[in-house]
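J.: Please find one structure pasted underneath; my questions will follow.
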Amino acid sequence: MVVKRSYPVGNRPRGQIELFHRDMAYIDAAWETKFSWFDRPNETLLRSINSPAVNQSADVTLRMYCPWDFSASCSATTWGLAATEWGIVTSTVLQGMGVKSIAETGVNSETKIITPSEWSKAGLIRSGVEADRIAVVPLGIDPKIYYPVSGDRRQLLGERLGWSNYFIFLNIGGQTDRKGIRP
């Protein structure tokens with residue numbers, strides 16, 4: 001089954017889109033696929049996305065994987081998701097890619113990069129990526145799934161967890177100095 005939906009752009013319909021997905025091999029053998037993170041309609045929709053045929057061409061290929069792969073694909077346009085957690089492309093990431101510098105990859109070919117912040121974009125540029133190859137697309141959430149709970153529910157959860165008399169602070173991200181956790 002191929003997922004076909006109409007997605008409007010401004011006031012104009014975009015038309016039908018065929019969406020395919022292929023999982024990459026996990027980096028760690030202990031990792032496993034998890035299901036039931038979403039409500040039933042969204043889980044059903046996600047599971048209905050077919051894998052592409054071998055060497056199938058498309059208008060766009062988006063790779064979201066580490067180690068990064070900036071080589072060309074069979075598609076008209078290739079994008080890769082990359083983030084520079086430390087303000088540069090680290091030697092660990094380069095080793096995972098099997099190169100000594102970012103210049104040894106296809107990063108400055110026709111492949112483009114999506115990164116989640118201006119900070120990460122600056123790190124990619126510092127590491128040798130051409131600025132015009134990078135697009136910043138901030139990370140986000142679906143507010144229908146992730147939202148603050150009501151005061152009554154929050155109080156009930158706090159009591160159930162034994163946190164009734166505590167100030168609760170949620171941090172979504174690494175607890176490192178570069179993330180500003182100390183302040």
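Each reported figure results from applying straightforward, stated rules to the coordinates on display, with no laboratory input. Keep in mind that what you see is a predicted model, and the values were worked out from it rather than measured. So basically every Cβ, Gly included, is an ideal-geometry build from the backbone, and we count neighbours across all protein chains shown.
J.: Amide H of Leu19: which non-local residues (sequence gap of 5 or more, or other chain) have their own amide H closer than 5 Å, using H built in the peptide plane?
T.: Amide H neighbours of Leu19, under 5 Å, 5+ apart: Val3.
J.: If you work out Rg and Dmax of the Cα atoms in Å from the coordinates, which of (1) 18.9, 60; (2) 20.4, 58; (3) 16.0, 46 do you get?
T.: The calculated read-out lines up with (2).
J.: Further, regarding this structure: Run the count for the chain, please: Lys pairs, Cα-Cα under 30 angstrom, 8 or more apart or on different chains.
T.: Eligible lysine pairs with Cα atoms under 30 Å apart amount to 14.
J.: Tell me which residues come under 5 Å, amide H to amide H, from Thr78 once H is placed; ignore anything under 5 positions away on its chain.
T.: Long-range HN contacts for Thr78: Thr61, Lys112.
J.: Another one. How many percent of all Cα-Cα pairs in the range 94-137 sit more than 11 Å apart? Provide the component values of the computation, followed by the final result.
T.: Values: 606 of 946 pairs.
Result: 64 percent of Cα pairs exceed 11 Å.
J.: Calculate, for Val54 and Ile141, the FRET efficiency according to 1/(1 + (r/R0)^6) with r their C-beta to C-beta distance and R0 35 Å; round to the nearest 0.05.
T.: Numbers: r = 34 Å, r/R0 = 0.97.
Result of the calculation: an efficiency of 0.55.
J.: If you take every DSSP beta bridge fully contained in the chain, what fraction is antiparallel? Give it as a percent rounded to 5.
T.: 35 percent
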